[in-house]
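Structure, as structure tokens:
The values are calculated or read from the model by the stated rules, or taken from the named source; none is laboratory data. Everything numeric in this text was worked out from a predicted model, so none of it was measured. Heads up, the Cβs are rebuilt from the backbone with ideal geometry, glycines too, and the neighbour counts pull from every protein chain shown.
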Amino acid sequence: MIRTAELLAWIGQRIGKPPGWERVVRWIVPPEKCGAIREICVARDGFLFVAQPAVPLGWHIAFFGTYEPELREIFRTVLPAGGVAVDVGANVGWHTVLMGSLVGSGGRVLAAEANPSVRARLEDNICINRFRHVEVLPFAVADVDGTLEFFGPDACDPWSGNGYVVPGAAGGRPDTIRVEARRLDTLLAAAEVKRLDLVKIDVEGFEWRVLQGAEQSIAQFRPHIVFEYNADYAARGGGRPDLFDAFFSKHRYKLFIIGRNWAEAVKPGNWPACADIWAVPQG
């Protein structure tokens with residue numbers, strides 16, 4: 001199985017994901033049978049990445065050499081050499097190291113990840129690339145400075161990254177940990193950031209709270225913002241389409257749905273149930 005997986009990974013990292021190829025790979029080496037394959041190293045776009053094929057994100061990266069390619073194209077469009085980016089909910093660092101590769105040593109990337117076990121994987125992927133211009137922030141990014149509960153079936157599982165932050169107590173469950181929280185405005189001020197080109201947010205429904213804690217920075221720097229929207233998850237953090245519409249209208253942003261006709265404008269009051277959203281500053 002291991003040699004077969006290594007061969008398929010070698011092929012997939014060179015051909016990508018042509019029609020039907022994912023079905024073939026999933027039939028031969030489905031994620032649930034990859035437990036014995038601890039790591040596969042991927043070289044892509046000038047950086048290295050150590051993927052764990054036993055989890056969905058790592059499986060896609062290991063066998064196809066990419067993950068969320070539409071976001072990759074946006075990052076390449078809006079992030080110049082010497083630019084500054086923030087990855088909120090960095091997970092194991094796929095987007096973080098891509099950002100680090102794009103901005104180069106003259107730029108800067110701040111990667112925030114609350115889950116300590118997942119954060120260790122993030123730090124490993126930064127380390128193997130020798131990215132001294134990429135800094136890990138061990139915080140949940142929120143609308144408060146303090147502490148919050150991090151909850152999920154994998155809160156203490158180093159192989160997963162699907163946990164999420166919830167306000168208030170979570171009943172002392174064994175799969176809940178207490179984490180430090182900071183507003184993005186607080187973090188950027190402490191880091192003495194002088195420019196900001198891109199903010200990516202993927203925090204399993206807490207995106208609204210992240211934006212609430214970033215208003216000063218958004219108004220000052222006018223970065224491009226890419227964030228995940230899931231109607232069910234957004235309810236955890238109090239996010240609703242009308243609130244997002246009002247927020248981005250106030251700050252003069254136009255919203256686009258990523259991957260649907262490449263970039264289809266979001267119509268106020270008519271949000272998709274689940275999509276990645278690209279907020280583009282206007283004027």
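Points worth noting:
- Residue list for region 1-23, filter: among the β-branched types (Val, Ile, Thr) and surrounded by 12 or more Cβ atoms within 10 Å (Cβ to Cβ): Ile2, Ile11
- Condition met for Ala9 (in a loop (DSSP other than H, G, I, E, B), more than 21 Å from Asp202 (Cα to Cα) and in contact with a helix residue (DSSP H, G or I) (Cβ under 7 Å, 6 or more places away or on another chain)): no
- Restricting region 80-94 to residues that are among the aliphatic types (A, V, I, L, M) and buried (at least 22 other Cβ atoms within 10 Å of the Cβ), the residue that is nearest to the chain's Cα centre (by Cα): Ala90
- Checking each residue in region 41-60 for being aliphatic (A, V, I, L, M), touching a strand residue (DSSP E or B) at 6+ places or on another chain (Cβ under 7 Å) and closer than 22 Å to His133 by Cβ picks out Val42, Leu48, Val50.
- Residue, surrounded by the most Cβ atoms within 10 Å (Cβ to Cβ), within region 53-63, restricted to residues that are of a type in the set (A, V, I, L, M, F, W, C) and either over 23 Å from Ile257 (Cβ atoms) or not assigned by TED's automatic domain parsing to the domain that holds Trp10 (or both): Ala62
- All positions within region 231-252 that are buried (at least 20 other Cβ atoms within 10 Å of the Cβ) and modelled with pLDDT of 95 or more: Phe244, Phe248
- Close pairs (7 angstrom Cβ cut-off, 6 or more residues apart or separate chains): under 18 Å from Ala36 (Cβ atoms) in region 48-60, part of a loop (DSSP other than H, G, I, E, B) and among the basic types (Lys, Arg) anywhere: Gln52/Arg38
- Single match in Val226, Val193 (criterion: at pLDDT 95 or above, under 20 Å from Gly259 (Cα atoms) and surrounded by 14 or more Cβ atoms within 10 Å (Cβ to Cβ)): Val226
- When Arg76 is tested against (1) out of contact with any Leu (no Cβ under 8 Å at 6 or more places or on another chain); (2) of a type outside the set (Ser, Thr, Tyr); (3) part of a helix (DSSP H, G or I); (4) at pLDDT 85 or above, just one condition goes unmet, and that condition is (1).
- Among all residues of region 125-135, there is at least one that is closer than 21 Å to Glu228 by Cβ and either buried (at least 18 other Cβ atoms within 10 Å of the Cβ) or touching a strand residue (DSSP E or B) at 6+ places or on another chain (Cβ under 8 Å) (or both).
- Spans of strands (runs of 3 or more DSSP E) in region 224-283 with at least 2 residues in contact with a helix residue (DSSP H, G or I) (Cβ under 9 Å, 6 or more places away or on another chain) and in contact (Cβ under 8 Å) with a residue 24 or more places away in the chain: 224-230, 253-258, 274-281
- Close pairs from region 119-138: first in contact (Cβ under 8 Å) with a residue 40 or more places away in the chain and closer than 12 Å to Val88 by Cα, partner buried (at least 22 other Cβ atoms within 10 Å of the Cβ) and among the small types (Gly, Ala, Ser), Cβ under 6 Å, at least 6 apart: Val136/Ala111; Leu137/Ala112
- Selected residue (criterion: nearest to the chain's Cα centre (by Cα)) from residues of region 95-131 that are at pLDDT 95 or above and polar (S, T, N, Q): Thr96
- Of the listed requirements (1) at pLDDT 85 or above; (2) surrounded by fewer than 12 Cβ atoms within 10 Å (Cβ to Cβ), Leu71 misses just one: (2).
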